[in-house]
1. How do 93-102, 43-52 rank on mean C-beta neighbours within 10 Å, highest first?
2. Considering the dipole of the chain built from charges on the beta carbon (Lys and Arg +1, Asp and Glu -1) around the Cα centre, which of Gln33, Leu103, Ala20 is farthest to its positive end?
3. If you count only protein heavy atoms with a 1.4 Å probe, what accessible area per residue comes out for the range 38-124, rounded to a whole Å²?
4. Among (i) 1.00; (ii) 1.48; (iii) 1.99, which one is Rg/Rh (Cα atoms, Kirkwood Rh) computed from these coordinates?
5. Please report the relative contact order for the chain, taking Cα pairs under 8 Å with a sequence separation of at least 6, and give it as a percent rounded to a whole number.
6. Once both axes come from the Cα atoms, what is the angle between helix 2-52 and the longest principal axis of the chain, in degrees from 0 to 90, rounded to 10?
7. In degrees between 0 and 90, to the nearest 10, how far off the longest principal axis of the chain does helix 56-124 point, with axes built from Cα atoms?
8. Distance in nm between label sites at Asp68 and Met1, each 7 Å beyond Cα in the beta-carbon direction?
Amino acid sequence: MAAEVLKKKIQDLMAERDNALEKGDGLESDLNQMKEQLLKAEFEKKELERRFRLTEDELDNQSTVRNDLKKKSINLTVEDERIKDDMKSQVQSIIEMEELIQLIDRRYEELELDYNETMEDLNAL
């Protein structure tokens, strides 16, 4: 019974880990897109300066976009690290649960053997 509960708990933790992995993959993809957007924004800024000698307002706008993208990139990086830490923690919890289940299984087998021996002894009397 306890082993079943623990196995269910492990399955739930594994499902949470899978969800976290999917979320981490999505965040990593978003981060890469943001980095690409940042590179494009920086390239566009330089190109526009060279061709049209941008006005100060236009430069400010490009700078704001770049700073916003940098902030988003930093936030995504921080979130990605948090998710990785969560996943490591969940994996460790799963490992500990698996070890506990193995210990319970071994103890159950030992008790079952003791019970069978006791019953044999009682039957022998």
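The values are calculated or read from the model by the stated rules, or taken from the named source; none is laboratory data. Note that the coordinates shown come from a computational prediction; the quantities given were computed from them, not determined experimentally. As a convention, Cβ positions derive from the backbone with ideal geometry for all residues, glycine included, and neighbour counts pool all protein chains shown. Only protein heavy atoms, including side chains, enter the accessible area calculation; ligands, DNA and RNA are left aside. Shrake-Rupley method; radii C 1.70, N 1.55, O 1.52, S 1.80 Å.
1. Final packing ranking: 93-102, 43-52.
2. The Cα lying farthest towards the positive end belongs to Gln33.
3. That works out to 81 Å² per residue.
4. Matching the structure shown: (ii).
5. Normalised by residue count, the contact order of the chain is 45 percent.
6. For 2-52 against the chain, the angle is about 10 degrees.
7. So the helix axis and the longest Cα principal axis differ by about 10 degrees.
8. 5.9
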